[in-house]
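One structure below.
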Amino acid sequence: QVQLVESGGGLVQPGGSLRLSCAASGSIFRPNTMGWYRQAPGKQRELVSHIISGGSTKYADSVKGRFTISRDNDKNTVYLQMNSLKPEDTAPYYCNFRANLYDYWGQGTQVTVSS
């Protein structure tokens, strides 16, 4: 089992920044992938970004150039730096940990971009 604890969501004005963190604990197998998904109301859950334990990254087209994902393997923690936030970025953001074909999810942290 893997437990995920998220932090860093909140309310921010358009153009602002937030940093999300997600710490994993438990049976941490490597290699693994850690990342963030979001699910806006009425839409399917979508990948925002992920990073493999070796460092390779992937981003949704809608966030490229604005969001940066990173990880600290010693702390089993993934970070998502979100800059130039837009109202359409508003959603709950869910941390994901994937290893050995198993998926684990965090409880979600709300990001709201509004003036």
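Values computed for the structure shown
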item	result
Straight-distance crosslink candidates among aspartates and glutamates, where the alpha carbon sits under 19 Å from LYS43 and sequence neighbours closer than 8 are dropped	ASP61, GLU88, ASP89
Whole-angstrom gap from segment 11-88 to segment 99-115, using each part's C-alpha centre	8 Å
Rg and Dmax of segment 1-42, Cα atoms only, in Å	13.7, 38
ALA40 versus ASN100: modelled label distance in nm, points set 7 Å from Cα along the beta carbon direction	3.7 nm
Percent accessible area from carbon and sulfur atoms, segment 33-115, protein chains only, probe 1.4 Å	44 percent
Environment charge of TYR94, counting only residues whose C-beta is closer than 9 Å and scoring Lys/Arg +1, Asp/Glu -1	+1
For the chain, accessible area per residue (1.4 Å probe, heavy atoms of protein chains only), Å²	54 Å²
Within segment 26-106, trypsin sites (Lys or Arg not before Pro) in DSSP loop having at most 14 other beta-carbon neighbours inside 10 Å	LYS43, ARG45, LYS64, LYS75
Mean projected area in nm² (Cα convex hull; one quarter of hull surface) for segment 52-115	5.2 nm²
nm² value of the averaged projected area, convex hull over the Cα atoms of the chain	6.7 nm²
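The values are calculated or read from the model by the stated rules, or taken from the named source; none is laboratory data. Because the structure is a prediction, the values reported are computed rather than measured. Here the Cβ is made from the backbone with ideal geometry for all residues, glycine too, and neighbour counts use every protein chain on show. Please note that ligands, DNA and RNA were not included when accessible areas were found on the heavy atoms of the full protein model with its side chains. Shrake-Rupley method; radii C 1.70, N 1.55, O 1.52, S 1.80 Å.
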